[in-house]
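Visitor: Once you've had a glance at the structure underneath, I'll fire off some questions.
The values are calculated or read from the model by the stated rules, or taken from the named source; none is laboratory data. Remember, it's a predicted structure, so these values are computed and weren't measured experimentally. Virtual Cβ from ideal backbone geometry, glycine too; neighbours counted across all protein chains shown.
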Amino acid sequence: MSYFPKRGNEGYRVLHYDLTLDYRAAANRLSGTAVLAAVATAPLKGFALDLGPFRVDRVQVNGARARFTHRDDKLRVTPPGWLAEGRPFSVEVRYQGSPRPVPSPWGELGWEQLADGVIVASQPTGASSWFPCNDRPSEKATYRFAVTAASPYQVVANGARVSSVRGASATTWVYEQGEPMAAYLASVQIGRYVSVDLDGVVPQRVYHPARLGPRIRHDFGRQDRMMAVFADLFGPYPFGAYTVVVTDDELEIPVEAQGMSIFGANHVDGRRGSERLVAHELAHQWFGNSLTLGHWRDIWLHEGFAAYAEWLWSEASGGEPAAAHARRWHRRLTAAPQDFVLADPGSRRIFDDRVYKRGALTLHALRRTLGDVPFFSMLREWTAAHRHGVVTTGMFTDLARHFTPEPLEGLFASWLYAPRLPGLP
């Protein structure tokens, strides 16, 4: 059963989103044209898109005007004629309004005004706060973003920047995301930023407020080495470049988008006090962005892996070994309530810290059981076999069984499907 049954839609797949956005920061006013290239997966006399409370001015299907209704964050479209199963079709939606984030048990999601700019952090259900979409993590598509904002602002979006054209008072920035991406990972960041390039084989850039410049190079100064360590352990970095945005506002936690991570000014202290979070967000590029869960119940495949990457970076950079982190967190979780199943924690617990740390402990238990060489060989096979794809817990456990002659049913049953925390092997 879906954790968020009101999100996502049946009957079609979106292959590509082309988003043209004009944003007026002072008025918090967004005008958008979204063109979706899709294919019907069933005979369709109508279909729905997820879209927040904007005014929809026009909808066209295959260039012809279509009837529509828009309420309760659903844009329901009736094309002029049936769409045959397997038939490609295009949808154009013109809309405008004042974007506001989607409320949730974890705070506001999606497009959100900062003190001077915008942050977009949509996980898990905030994508409809700024564009019409099929908001399911398993529905991955390519993207093009053309975003116009006042010229003092820098616009950063997923993918490669292909142009920026400055006008009299505004600049239009165009980005293209060629690797398939879930809607919740689509992101636009707008702020008065400068940028600095970091060393490394993979191009890496940090956008940040000018006042934080002296701290940025120090706090992200080991990211190139971190990238090399993770590429060795997990396989090649899955995208063409990596971007970090540091907002001038404070954020409770950093957030990841595809090819990008967003930190608050409070995460940059000049002492690498948040370096474990730098590792965590970088690891999500493999686990969460290239390999994306098919169902939110499998969130441990994102957060458990990223939490374990924190311990692996500690081990590789001269800090505590992963085993020490595992022992400490095992003691803490033993004393905590054990009232959920890791492989299906329930919608309200998907961001519970126990999911993160028990997920990391599950991987450490598997590493202990397999041995280092088979374990990391398995991780590299996992990321290679499902690069830019959709994954499930069952797919992971099936792969792990190929890396040992010993049965793993008991290990997975106790760590993934039983509430009580097992002992470490």
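Visitor: So, of the residues in region 359-374 that are buried (at least 22 other Cβ atoms within 10 Å of the Cβ) and out of contact with any Gly (no Cβ under 7 Å at 6 or more places or on another chain), which turns out to be nearest to SER2 (Cα to Cα)?
Guide: LEU361
Visitor: Restricting region 195-245 to residues that are among the acidic types (Asp, Glu) and touching a residue at least 24 places away in the same chain (Cβ under 8 Å), which is farthest from PRO152 (Cα to Cα)?
Guide: ASP224
Visitor: Is it the case that LEU363 is outside the structural domain of PHE230 (by TED's automatic domain parsing), farther than 20 Å from TRP296 by Cβ and either part of a helix (DSSP H, G or I) or touching a strand residue (DSSP E or B) at 6+ places or on another chain (Cβ under 6 Å) (or both)?
Guide: Considered against the rule, which asks whether it is outside the structural domain of PHE230 (by TED's automatic domain parsing), farther than 20 Å from TRP296 by Cβ and either part of a helix (DSSP H, G or I) or touching a strand residue (DSSP E or B) at 6+ places or on another chain (Cβ under 6 Å) (or both), LEU363 comes out as no.
Visitor: Let me ask something additional. Go through the residues of region 397-409 one by one and say whether even a single one is in a helix (DSSP H, G or I), surrounded by fewer than 16 Cβ atoms within 10 Å (Cβ to Cβ) and of a type in the set (Lys, Arg).
Guide: Yes, the conditions are met somewhere in region 397-409.
Visitor: Kindly indicate whether VAL194 is within 25 Å of MET227 (Cα to Cα) and at pLDDT below 95.
Guide: no
Visitor: Any idea which of (1) more than 18 Å from ALA283 (Cβ to Cβ); (2) part of a helix (DSSP H, G or I) is the one GLN338 doesn't satisfy?
Guide: With respect to (1) more than 18 Å from ALA283 (Cβ to Cβ); (2) part of a helix (DSSP H, G or I), GLN338 is out only on (2).
Visitor: Within region 146-179, can you find the residues that are without any contact (Cβ under 8 Å) to a residue 12 or more places away in the chain and either in contact with a Gly (Cβ under 6 Å, 6 or more places away or on another chain) or not in a strand (DSSP E or B) (or both)?
Guide: ALA168
Visitor: Next up: List pairs: first residue in region 82-106 and among the basic types (Lys, Arg), second residue in a strand (DSSP E or B) anywhere in the structure, Cβ distance under 6 angstrom, at least six positions apart or on different chains.
Guide: Filtered contacts from region 82-106: ARG87/ALA40; ARG94/THR33; ARG94/ASP57; ARG94/ARG58.
Visitor: Here is a follow-up. Considering each residue of region 43-71, count those that are without any contact (Cβ under 8 Å) to a residue 60 or more places away in the chain, under 20 Å from LYS6 (Cβ atoms) and not in a strand (DSSP E or B), and give that number.
Guide: Final tally of qualifying residues: 3.
Visitor: All but one of (1) within 17 Å of the chain's Cα centre (by Cα); (2) over 22 Å from ASP197 (Cβ atoms); (3) in a loop (DSSP other than H, G, I, E, B) hold for HIS280, so report the exception by its number.
Guide: (3)
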